[in-house]
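Q: Handing you this structure, nothing more for now.
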Amino acid sequence: MPGGWYTTEELAALLRVDPSTLRRWRTARPPQGPPYVPLTGRVTLYSAADVELWLCERRIAPREGA
């Protein structure tokens, strides 16, 4: 995943979810989803590094032979 920042729409496309899913995660109590930076009432950005870490923390690696 390259460095930089994603908009809500860009990250939604990358994660293959609807942008409304990311908005719902942000407004949940407690907030869910990857860390974000609210720039304005309409613009929210996500750090590529934060998204990668968030995904890695949710990774499930089944053990072989289990």
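Q: Where nothing but the Cβ of Lys and Arg (+1) and of Asp and Glu (-1) is charged, how large is the charge dipole of the chain around its Cα centre, in debye to the nearest 20?
A: Numbers: 9 positive and 7 negative charges, 62 e Å.
Its charge dipole is roughly 300 debye.
Q: Right, here's the next one. Of the accessible area of the chain, with the probe set at 1.4 angstrom, what percent is carbon plus sulfur?
A: 54 percent
Q: Give me the Kirkwood hydrodynamic radius of the chain, using the inverse of the mean 1/r over all pairs of distinct Cα atoms, in Å to one decimal.
A: On the way: mean 1/r = 0.0779 Å⁻¹.
Roughly 12.8 Å, rounded to one decimal.
Q: From the residues Y6, L53, P19, which one has its Cα farthest along the dipole of the chain in the positive direction, the dipole being from +1 and -1 charges on Cβ of Lys/Arg and Asp/Glu about the Cα centre?
A: P19
Q: Turning to a different aspect of this structure: At 7 Å along Cα-to-Cβ for each site, give me the label-to-label distance between L53 and E10 in nm.
A: Those two pseudo-labels are separated by 1.9 nm.
Q: FRET efficiency for D18 and E64, Cβ-Cβ distance as r, R0 = 35 Å, nearest 0.05? Don't skip to the answer; put the middle values down first.
A: Working: r = 35 Å, r/R0 = 0.99.
Efficiency, rounded to the nearest 0.05: 0.50.
Q: Can you give the calculated 222 nm mean residue ellipticity of the chain, where each DSSP H run of n ≥ 4 adds -39,500 (n - 2.57) and the sum is split over every residue, rounded to the nearest 500 deg cm²/dmol?
A: Values: 3 runs with 27 residues, N = 66.
-11500 deg cm²/dmol, from helical runs alone.
Q: Here's another thing I want to ask about it. When ligands, DNA and RNA are left out and all protein chains stay put, how many square angstrom of accessible area per residue does the chain have with a 1.4 Å probe? Present the calculation step by step, with values, prior to reporting the outcome.
A: Working: 5080 Å² over 66 residues.
On a per-residue basis, 77 Å².
The values are calculated or read from the model by the stated rules, or taken from the named source; none is laboratory data. Bear in mind the structure is a predicted one, so any value in this text is a computation, not a measurement. Neighbour counts run over all protein chains shown; Cβ positions are idealised from the backbone, glycine included. To get the accessible areas, we keep the full protein, side chains included, count just its heavy atoms, and leave off ligands, DNA and RNA. Shrake-Rupley method; radii C 1.70, N 1.55, O 1.52, S 1.80 Å.
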